[in-house]
Amino acid sequence: MTRVDFAFGALNRLHMACDVARKHARAGHRLLVFCGNEGALARFDRLLWGFEPTAFVPHVPAGDPNEADAPIVLTSSGGLPASFLATAASPPPATAGGTSASATSAPDSLPWLLNLDQEVPPQASGFARVLEIVSNRDADKIAARRRWRRYEADGHTLRAHDVSSLGTDGAPAPNADDASG
């Protein structure tokens, strides 16, 4: 089953999501970012361009000709982009002895999904991990609790992480009271 990580107490949900995307891109890992709200996804896209003044977080919208080579793919549609379907359907890599790796290691080769939507994303079980970032806003927490119950009912492994003491870049916040969520 897919592991779902909830990061509760984010000072700024979209900025923390940008940091997650940046870290995945730098590590060479693929990440699909899902948000059914096209306006919110467009805001996230703009943030990725200006998140750090001296850094670029490489990303493309689903369906872009460079999708297969991009570490970060943004989508608002219900289906998985073709490049992610190919990754999810790929057999586990062969080991040095020429045999296929065990099924327990297969999820590590699957891409991750960052959900910025208020609902459980479609086909969440097709990913090694799903990341949920939750701000301190009441509406965000209520929607996150609903998603938690749904993931739990679907049999996923759930983990909760308190990130309220972290800044948007993963460092301790200078003054959490001054930050907006």
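The values are calculated or read from the model by the stated rules, or taken from the named source; none is laboratory data. On a predicted model such as this, the values are computed, not experimentally measured, just so you know. Cβ coordinates were reconstructed from backbone atoms using ideal geometry, including for glycine residues, and neighbour counts include every protein chain displayed.
The residues of segment 25-68 that are aromatic (Phe, Trp, Tyr), surrounded by 12 or more Cβ atoms within 10 Å (Cβ to Cβ) and in a helix (DSSP H, G or I) amount to a single one, Phe44. Can we say Ala160 is surrounded by fewer than 16 Cβ atoms within 10 Å (Cβ to Cβ), at pLDDT 95 or above and assigned to a strand (DSSP E or B)? Answer is yes for this residue. Only residues that are in a helix (DSSP H, G or I) and either of a type outside the set (Gly, Ala, Ser) or in contact with a Phe, Trp or Tyr (Cβ under 8 Å, 6 or more places away or on another chain) (or both) were counted in segment 125-150, giving 12. Every condition in (1) modelled with pLDDT under 95; (2) surrounded by 13 or more Cβ atoms within 10 Å (Cβ to Cβ) is met by Thr104 except one, and the failing one is (2).
Scanning segment 1-35 for residues that are without any contact (Cβ under 8 Å) to a residue 60 or more places away in the chain and of a type in the set (S, T, N, Q) yields no hits at all. Taking the conditions (1) at pLDDT below 85; (2) closer than 19 Å to Leu11 by Cβ; (3) out of contact with any Leu (no Cβ under 7 Å at 6 or more places or on another chain) in turn, Ser109 satisfies each one other than (2). Just one of (1) modelled with pLDDT of 95 or more; (2) surrounded by fewer than 17 Cβ atoms within 10 Å (Cβ to Cβ); (3) over 14 Å from Leu131 (Cβ atoms) fails for Leu74. It is (2).
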